[in-house]
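The values are calculated or read from the model by the stated rules, or taken from the named source; none is laboratory data. Keep in mind it's a predicted model, so treat the numbers as computed, not measured. Remember, those area values only see protein heavy atoms, side chains included, never the ligands or the DNA or RNA. Shrake-Rupley method; radii C 1.70, N 1.55, O 1.52, S 1.80 Å.
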Amino acid sequence: MEDWKSIVTTLTHDEVVEVTKSSLCTLISTDPVLSDLPLDVITEEILLLTAAEHGKCITIFIRRENEPPLRVIVPQSATVRALKKSIARHFELSQQRNGPQVKISWKYIWKTYDLCFDGITLDDENGPIDSYGVSNKESLTFKKRSGKNR
């Protein structure tokens with residue numbers, strides 16, 4: 001026990017942070033339950049995944065043309081506006097992890113595209129997504145708005 005204390009007191013703060021990150025990465029990658037989490041998981045993601053496991057949140061897949069689908073977790077009673085904010089947040093996190101950072105104008109995206117579920121446009125920003133029939137593990141798609149809707 002004293003050896004451990006002497007090691008801890010000789011490490012700098014940066015070294016302790018590095019050892020902690022390394023230990024967490026090893027734990028996450030080797031545990032079968034945690035292995036699907038990204039190594040740089042944030043608290044927000046853990047809370048959403050936990051809520052989804054307890055049935056308080058639902059998982060929605062956002063399909064995009066020629067791109068892999070986004071997996072977004074939102075509360076069951078989420079509004080269309082909350083879903084859009086979750087999509088933007090998830091996309092920003094995936095960009096930070098996976099590749100080049102591209103500035104996305106979400107205002108432009110939502111003026112140009114609608115979210116659709118089974119051919120139905122989710123057009124009421126304040127309406128709950130379950131009123132459109134969206135439930136757990138459903139897929140939504142982006143659909144280009146026609147010129148008259150702009």
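Divide, for the chain, the radius of gyration over alpha carbons by 2.2 N^0.38 Å, where N is the residue count. Could you put the intermediate results ahead of the total?
Values: Rg = 20.2 Å, N = 150, 2.2 N^0.38 = 14.8 Å.
So the chain has a normalised radius of gyration of 1.37.
How large is ³J(HN,Hα) for each residue in the stretch 74-81, as worked out from phi by the Karplus curve 6.51 cos²θ - 1.76 cosθ + 1.60 (θ = phi - 60°), to whole Hz, x for Gly and Pro?
With the stated coefficients, the stretch 74-81 comes to 9, x, 4, 9, 5, 8, 4, 4 Hz.
Taking θ = phi - 60°, what integer Hz values does the Karplus form 6.51 cos²θ - 1.76 cosθ + 1.60 yield along the stretch 113-120, in sequence order, with x for Gly and Pro?
10, 10, 8, 10, 10, 6, x, 9
Greater than 29 Å separation of Cα atoms is the criterion. Which listed pairs, Lys21/Lys143; Lys107/Lys137; Lys56/Lys84, meet it?
Result: Lys21/Lys143 exceed 29 Å.
Roughly how many percent of the accessible protein surface of the chain is carbon and sulfur, given a 1.4 Å probe and a whole-percent answer?
Carbon and sulfur: 55 percent of the exposed surface of the chain.
Hey, can you find the accessible area per residue of the stretch 43-144 for me, probe 1.4 Å, expressed in square angstrom?
Details: 6300 Å² over 102 residues.
Result: 62 Å² per residue.
Using amide H atoms built in the peptide plane, which far-off residues or other-chain residues are under 5 Å from Arg145 H to H?
Under 5 Å from the amide H of Arg145 lie the amide H atoms of Tyr113, Asp114, each far enough along the sequence or on another chain.
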